[in-house]
Amino acid sequence: MSSIEIGSTHLPVLKAISLNLRSLPRSASWTALLSGLLVVFVSTTGPIAILYQATDAAKLSTSLTNSWLFAVFMGSGLFGLLLSLRYGMPIIGSWASTTTALLVSGLVDHSFSDVIGAYIGASLLLMVVGYTGFFNRLMKSIPQPIIMAMLAGVLLVFGTRIFTSTQVNPILGFMMLVVYFVGRTMKLRAPLLGAFAVGLVTVILQSKVALPSIAVRVVEPVWTNPTFSIGTFLTLTIPIFLMVMTTQNAPGLALLKAVNYEPPVNQVVQMGGILSLLGAGFGGAGVNISAMTATIAISPESDPNPQTRYFAGVVSGVAYCLAALFAGVFSSLYGAFPIELTAILAGLALLPVIMSALHDAVVDREFRDAAVVTFLVTISGVSGWGIGAPFWGLIAGSVVFRISHWSPRNTPKKIL
């Protein structure tokens, strides 16, 4: 099938935004409205559960947690809103939940100010890659299976926590798992929502939720001064950058191409880097094009007309921005949930990513040895010189790959 020609793609920025704003009322539809809202609702269940795992690991204050949540929501919202209006296609913003997962262990060895420094470094790298168009060459420098193996190793603990939490609360775990996999079997658009709903009902019936008093007020972002070090750069900055590019931007762009759009690759990466940099001091993770929730809004089920489907992207962007302003509401709610519910929810949210990463890591025999070594080193937790396991996993896998593909030029032939 041929790509969709979007009229505003080649227009000047302000003229394109003005044109799509004027066309917005005619582009509106109930299905696109619900799809855009569903994107944000899904993100405020599973992916946010991952963020709260990280804040618990770091013992962050409520104000810092709210600020972090504000930054990731606002960055995601502005990303989707501006790019959808600019290019007239449903570009859905997100933050890399995989990088947040990395911080569950990273915040044990690094301060929150180190994380802020890592976010700033990763944001600058994203901007450089976006402005230079260096993305394709960069991805070829480290084999994709090795990056996927590192990702699988980082996320493995979230998968295992599904079952350790189920051991703590068997009824909760069993109900959520059954509903989730039934939803996947039936090809529901958001099986995670069903799992969250049944899990919430279960813990309420078990009297394990004490509903807090919720103050509905606009959040006050908190700035954190960054700190920088070589160890943090190698342990956090490089893995965060690679995860944003390989697990979010690459598949997110591929999803748009799969429904016959031609997304502006460099501009998407540039915008993500700029918004990431602006939000980094407040806790904003890498802003990127969505790979996990985008399918809800970019498919024909959202709007059969690809020319007006950008309305779903605009709706999700506005909804994210509103959620950012009242981030404290989400903090209050999640603080009332038992840890088993949050852990199972986070694991289920990342389960498709874990499965995809494991598959991509070992599917090609040529990279299998290197990928397995990368995976094992990453989950081992080894560290040295202030540098954590994800980086050493990349190094180990790359070395194994080079060794397995090395052959001396002048090897004498065997005489049979």
(message) Can you give the Rg/Rh ratio of the chain, where Rg is from the C-alpha atoms and Rh is the Kirkwood radius?
(response) 0.98
(request) For the range 123-132, take each phi angle, set θ = phi - 60°, evaluate the Karplus expression 6.51 cos²θ - 1.76 cosθ + 1.60, and give the result in whole Hz per residue in order, putting x for glycine and proline. (result) 5, 5, 4, 4, 5, 4, 4, x, 6, 8
(message) Charges at C-beta only: +1 for Lys and Arg, -1 for Asp and Glu. How large is the resulting dipole of the chain about its Cα centre, in Debye rounded to 20?
(response) 680 debye
(message) In Å, what Kirkwood hydrodynamic radius results for the range 300-361 from the alpha-carbon pair distances?
(response) 15.0 Å
(request) Quickly rank 14-20, 338-344 as a protection proxy: mean count of other C-beta atoms within 10 Å, highest first. (result) 338-344, 14-20
(request) Compute the FRET efficiency between VAL13 and SER113 as 1/(1 + (r/R0)^6), taking r as their Cβ-Cβ distance and R0 = 45 Å, and round to the nearest 0.05. (result) 0.80
(request) Taking DSSP loops as anything outside H, G, I, E and B, show the longest stretch in the chain free of chymotrypsin sites (Phe, Trp or Tyr not before Pro) there with at most 12 other beta carbons within 10 Å. (result) 1-222
(request) Go through LYS187/LYS208; LYS59/LYS208; LYS59/LYS187 and tell me which ones have a Cα-Cα distance over 29 Å in this structure. (result) LYS187/LYS208; LYS59/LYS187
(message) Under 5 Å between amide hydrogens, which residues at least 5 positions from VAL287 or on another chain qualify, with H placed 1.01 Å from N in the peptide plane?
(response) SER276
(request) Would you mind telling me the share, in percent, of accessible area of the chain contributed by carbon and sulfur at probe 1.4 angstrom? (result) 67 percent
(message) For a test of the definition: using alpha carbon positions, the gyration tensor, and the 1.5 limit on a/c, classify the range 263-354 as rounded, prolate or oblate.
(response) prolate
(message) Run the simple label-point estimate for ILE339 and THR31 please: 7 Å along Cα→C-beta, distance reported in nm.
(response) 4.5 nm
(message) If I model a spin label at TRP223 and SER207 as a point 7 Å from the Cα along the Cα→Cβ vector, what separation in nanometres do I get?
(response) 4.9 nm
(request) Evaluate E = 1/(1 + (r/R0)^6) for VAL382 and LEU124, where r is the Cβ-Cβ distance and R0 equals 22 Å; express this FRET efficiency to the nearest 0.05. (result) 0.20
(request) Starting from the Cα gyration tensor of the range 216-271, take the square roots of the eigenvalues, sort them a ≥ b ≥ c, and report rounded, prolate or oblate (rounded when a/c is under 1.5, otherwise prolate if a/b is larger than b/c, else oblate). (result) oblate
(request) Note down the relative contact order for the chain as a percent, whole number, built from C-alpha pairs under 8 angstrom at least six residues apart. (result) 34 percent
(message) Can you work out the Karplus-derived ³J(HN,Hα) for every residue in the range 222-231? Use 6.51 cos²θ - 1.76 cosθ + 1.60 with θ = phi - 60°, whole Hz, and x for glycine or proline.
(response) 10, 7, 10, 5, x, 10, 10, 7, 4, x
(message) What distance in nm lies between label points placed 7 Å from Cα along the C-beta direction at LEU21 and ASP369?
(response) 6.0 nm
(request) Evaluate E = 1/(1 + (r/R0)^6) for ASN266 and VAL318, where r is the Cβ-Cβ distance and R0 equals 25 Å; express this FRET efficiency to the nearest 0.05. (result) 0.45
(message) In Å², and per residue, what accessible area does the chain have when probed at 1.4 Å with the other protein chains present?
(response) 44 Å²
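The values are calculated or read from the model by the stated rules, or taken from the named source; none is laboratory data. In this text the structure is predicted, and so the values were computed from the model without any measurement. Neighbour counts run over all protein chains shown; Cβ positions are idealised from the backbone, glycine included. To get the accessible areas, we keep the full protein, side chains included, count just its heavy atoms, and leave off ligands, DNA and RNA. Shrake-Rupley method; radii C 1.70, N 1.55, O 1.52, S 1.80 Å.
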